[in-house]
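Accompanying notes for the structure given below.
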Amino acid sequence: MSRPVLPALADYVADLEQIWASGILTNMGAFHQRLQAAVQHRVGIGQVTLWNNGTTALVAALAALDLRGEVVVTPFTFPATVQAIAALGLTPVFADVDPDSGTLCPSAVADRITTATSAILGTHVYGTFCDTDGLGRLAREHGLRVVYDGAHSFARRTPVFPAGPTSLGDVTMLSFHATKLFHAVEGGALITDDPELHERLTHYRNFGIRSEDVVSGTGLNGKMSEFHAAMGLRVLDLLDDEIDRRAELARRYAHGLRDVPGVSVIAGHGASVQYLVVRVDALSAGIDRDGLHRGLRELNIVSRRYFHPLCSDIPPFSGHPSAGYLPVARRFSAECLALPLHGGMDTEVVDRICAAITWQAASGRRWVA
């Protein structure tokens with residue numbers, strides 16, 4: 001599916017030698033501070049804190065907002081998004097997604113808001129941003145907080161986020177896991193425009209410690225180590241070249257699949273090159289997504305049904321009343337397929353994948369006929 005961007009080993013070893021010489025392995029050392037500043041510059045807005053992974057960061061963001069009761073969330077996301085809500089004893093309430101983008105639909109969210117609702121949690125899907133203006137209006141009308149899972153968002157040139165009062169919600173999470181275009185092996189970040197929340201998150205990341213003598217409230221150990229920060233800095237230097245290479249491959253995918261009925265590229269061929277995702281309309285293609293997934297695997301082409309299953313189908317969340325009727329999200333989950341995409345791929349590999357999809361679809365149509 002992907003391959004992590006890696007710097008020259010000798011360069012990373014040189015960084016390790018610096019870390020060894022300093023004797024500082026974690027606790028916001030020099031590499032951590034440099035990476036935090038570099039991410040801040042690339043993001044373009046808000047204030048950034050680095051974390052040891054995106055899930056920890058998301059749990060911390062929800063906890064720092066002092067939420068209670070219910071959080072309206074998308075079912076079309078990675079399980080960690082909903083698990084972070086449940087980990088804090090909050091109740092996830094599912095709302096359907098937009099039929100074009102697959103992101104949380106403001107009108108569907110409006111139907112789920114009750115007196116118990118305290119927040120909205122949306123996911124920027126495949127690098128496509130939620131309707132932050134629409135969700136922001138809802139939040140203001142009902143006095144709610146807004147949090148974004150932006151794990152797919154960093155695969156863009158600077159500034160990553162457009163300027164505007166609703167771009168970040170109250171806080172946005174980023175993931176720097178090794179499966180992402182930009183990674184620190186493991187890592188994450190939180191971005192907020194709220195200086196008070198930023199300060200709270202800064203201390204929350206380190207057990208709530210404010211000074212040698214003062215510990216304030218709750219917190220956890222969410223610090224990024226120097227080893228991970230050093231990797232992040234090296235990968236950041238390679239990021240724009242990787243984006244250029246992936247964009248070239250994405251254009252080739254789009255060209256190679258342009259004449260395949262029922263198969264459309266919906267992500268990767270645009271501003272974000274985090275993932276290359278196609279959507280399969282079984283009626284037009286002659287094969288459904290799962291059939292294409294199996295057929296490609298038989299040809300040693302690894303694809304991923306992403307996101308599948310829906311979070312609303314995962315126990316114990318599947319028992320919630322809001323999990324029952326989510327037709328748009330269910331269709332996305334049944335039709336989307338992520339294809340291999342990373343800068344180390346040869347263009348000939350893309351051509352072979354496109355040819356395999358074309359052949360599978362044509363065979364299916366002949367069988368249907």
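None of the figures in this text is laboratory data; all of them are computed from the coordinates on show. These numbers come from a predicted model, not from an experiment. Don't worry about glycine lacking a Cβ; one is built from the backbone with ideal geometry, like all the others, and counts go over all protein chains shown.
Distance from the Cα centroid of the range 117-152 to that of the range 61-77 is 10 Å (rounded to whole angstrom).
Using alpha carbons only, how many angstrom separate the centre of the range 24-59 from the centre of the range 284-324? So the two Cα centres are separated by 33 Å.
Since only Val160, Leu9, Tyr148 are under comparison, the one whose Cα sits farthest along the positive direction of the charge dipole of the range 9-234, derived from C-beta charges on Lys, Arg, Asp and Glu, is Leu9.
Per-residue Cβ neighbour counts within 10 Å put Ser2, Ser101 in the sequence Ser101, Ser2, beginning with the fewest. Among beta bridges identified by DSSP and lying wholly in the range 1-146, the antiparallel ones come to about 15 percent. Only helical runs count toward this figure. For the chain, summing -39,500 (n - 2.57) over DSSP H runs of n ≥ 4 and dividing by all residues gives -13000 deg cm²/dmol at 222 nm.
Could you tell me what percent of the DSSP beta bridges with both partners in the chain are antiparallel, to the nearest 5?
Working: 22 of 38 bridges.
The antiparallel proportion sits near 60 percent.
Per-residue 3J(HN,Hα) values for the range 19-28, derived from phi via the Karplus relation 6.51 cos²θ - 1.76 cosθ + 1.60 with θ = phi - 60°, read 5, 4, 5, 6, x, 9, 9, 7, 6, 6 Hz in sequence order (x marks Gly and Pro).
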